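*Asks:* So that we are looking at the same thing, I have put the structure below in structure tokens.
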Amino acid sequence: MIRRFLIIFCIISILLAVFSSKVEAVPPLVAGDVPTADKNHVEWFIGMRYQKTDSIERQIPFTELVYGISERQELTFEIPYLSIDGNHYFGDAVLGTKFQFINEAEGIPGVAGSFEVKLANASQTKGLGAGAKEYDLRLRSQKS
């Protein structure tokens, strides 16, 4: 059954790649992994992202909290602190969850799905937020 699922998944992915007229990826081009945080454990990621467009934009720092609510599911919260043209404020916060459908094993890749909502909590007039909610749904696959 898992092998059939993987074959169908690969065929659909190839068909989408071949017949799509235009495929775009918007910054920050961040991809996640399949495994989830351990149950009842908190993971804290902190770092700095730098992006230069018409003006210099920095996220100082970018932080994400991840909490494992079960062996297969986690909750995430992230929020950047932005510096754009001298304005310093928090950007749009992101709430999300990830569920691991298939554990990685010998000859079988791990498969997980994630859903995130970017909230419209930052000031759009100051260039710090999108001004609307954004949704992100991903299907992740990984084989080490």
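The values are calculated or read from the model by the stated rules, or taken from the named source; none is laboratory data. Remember, it's a predicted structure, so these values are computed and weren't measured experimentally. Here the Cβ is made from the backbone with ideal geometry for all residues, glycine too, and neighbour counts use every protein chain on show.
*Asks:* Within the range 111-144, count every residue that is at pLDDT 80 or above, surrounded by fewer than 17 Cβ atoms within 10 Å (Cβ to Cβ) and of a type in the set (Ser, Thr, Tyr).
*Replies:* 3
*Asks:* Specify which of the listed residues (46, 14, 108) is modelled with pLDDT of 70 or more, over 13 Å from the mean Cα position of the chain (by Cα), among the β-branched types (Val, Ile, Thr) and over 23 Å from residue 141 (Cβ atoms).
*Replies:* Only one candidate passes the filter, namely 46.
*Asks:* Separate question: Residue by residue through the range 85-103, note down the ones that are surrounded by fewer than 18 Cβ atoms within 10 Å (Cβ to Cβ) and over 12 Å from the mean Cα position of the chain (by Cα).
*Replies:* Result: 85, 86, 87, 88, 89, 90, 93, 99, 101, 102, 103.
*Asks:* Can you tell me which of (1) touching a Ser or Thr at 6+ places or on another chain (Cβ under 8 Å); (2) in a loop (DSSP other than H, G, I, E, B) is the one residue 89 doesn't meet?
*Replies:* (2)
*Asks:* Can you list residue pairs whose Cβ atoms sit under 8 Å apart, with the first residue in the range 103-114 being closer than 14 Å to residue 74 by Cβ and touching a residue at least 24 places away in the same chain (Cβ under 8 Å) and the second being among the acidic types (Asp, Glu) and in a strand (DSSP E or B)? Count only pairs 6 or more apart in sequence or on different chains.
*Replies:* So the pair list comes out as 114/136.
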